[in-house]
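No lab work stands behind these numbers, since they all come straight from the coordinates. The structure presented is a predicted model; accordingly, all values stated were derived computationally and were not measured. All Cβ positions, even for glycine, are placed from backbone atoms using ideal geometry, and neighbour counts span all protein chains on display.
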């Protein structure tokens, strides 16, 4: 079972759009990063345990991509980021990220992320995300499906794939409750409002999703509100080497909000970063996370594992169920640096451990069927330490995955 790695004879899976669930399989032909910086007066970016003197500046980074695939046609797009740093505003004055790809045979994905601390000179920080996608090869392996998938059915190699259209919007507002100026430690309360829509389309009866017809197969939308708290003590949001981060919250959808479903989602995670010196400075990064869902949910809102942001080496959406428990561990280091050009190249070693399970499962059984993956990767940053590109190779019991994306996994 390695369809999620390749189409035809091409052994690449190019994951360019962060937070999208399924992207495209193709061969990367062009990969360039550029940056333009305009400078003015000096400013200080202050982060936990680290103070860096920089200039008030606007920096741009761009990674284009061009590919061809016999099923999807000619594919073009890329990632563009804009970083605005300003005196006295941490970690930046504003951040904009745009991800977009399109193909001549109908693939379309667009995502816009805008992050703005101190909106209208207040203490509030807003994060806005908008996305639209028309995927030709989304992946569905069933809800609560844990039997090993060894290979694709020879008679129907598209059995686990389906076409879908998705769109969504989410607004998050964070307000600090506590801030320690000396250490940079901070506690925030956040609220969120979101809307999302997905509908499978044009899928024949011989696909797994058409056979099982899970909740949401006919197209559905959800509207939700959420609330939670965040602890922040990292020395960088983009490339942390020390400190901790924790988040706990919930979101709920209800017909009174205009949602097709009534449900509740709980989530929590904790991250730690520790650096030590062994020939090079090495960062030992760990993240443990848990998500729980209950109520009436479409299949695409269930807890999930698999792909570039969870269990690397398993395909996207490989495991779907009510709950997901996950541990990610990485060793990271920068191997080659060119300070005069603000360019760095590094590497990672990682392991991912986790599983999904249904509500009502006995506690002692939760740790009996863990899935393990391991792998290695390369990272690079160009012109600003905040613009990071990552390439990972993950290995699992069912094959391997190759992922190109932006930013560290956590």
Item checked: Residues 87, 174, 213, 318 arranged by fewest to most Cβ contacts within 10 Å -> 213, 87, 174, 318
Check: Using a Förster distance of 25 Å, how high is the FRET efficiency between residue 182 and residue 246, based on the Cβ-Cβ distance and rounded to 0.05?
Finding: 0.80
Check: When each pair of different Cα atoms in the range 164-307 is counted once in the 1/r mean, what is the Kirkwood radius in angstroms, to one decimal?
Finding: 17.9 Å
Checklist line | Peptide ranges 189-195, 353-359, 133-139 listed from the most packed, as the mean C-beta count within 10 angstrom indicates | finding: 133-139, 353-359, 189-195
Next item on the list: Kindly put 241, 351 in sequence by how many other C-beta atoms sit within 10 Å of each C-beta, fewest to most.
Entry: 351, 241
Notebook entry, point to check: What spacing in nm lies between the two simple spin-label points modelled at residue 96 and residue 342, each 7 Å away from Cα in the Cβ direction?
Noted result: 1.8 nm
Next item on the list: Give me the number: length gained by fully extending residue 189 to residue 397, i.e. 0.36 nm times residue separation minus the C-alpha to C-alpha distance, one decimal in nm.
Entry: 70.9 nm
Next item on the list: Take the range 34-406, drop everything but the C-alpha atoms, weight them equally and run the Debye formula without solvent; then report log10 I(q)/I(0) at 0.09 Å⁻¹ to two decimals.
Entry: -0.58
Margin query: Report the rotationally averaged projected area of the range 327-393 based on its alpha-carbon convex hull, in square nanometres.
Written below: 5.8 nm²
Checklist line | Net lengthening on full extension, residue 156/residue 66 (0.36 nm per residue, minus Cα-Cα) | finding: 29.5 nm
Next item on the list: Would you mind calculating the gained length between residue 147 and residue 374 on full extension (0.36 nm times residue separation, minus the Cα-Cα distance), in nm to one decimal?
Entry: 79.7 nm
Checklist line | Computed [θ] at 222 nm, deg cm²/dmol, the chain (DSSP H ≥ 4; -39,500 (n - 2.57); rounded to nearest 500) | finding: 0 deg cm²/dmol
Margin query: Restricted to Cα positions, what overall size does the range 67-173 have along the principal axes? Three whole-Å values, descending.
Written below: 61, 35, 21
Item checked: Neighbour-count ranking [beta-carbon atoms within 10 angstrom, fewest first] of 269, 59, 182, 211 -> 182, 211, 269, 59
Note to self: Can you give me the orientation-averaged projected area of the convex hull built on the Cα atoms of the range 215-281, in nm²?
What the structure shows: 7.1 nm²
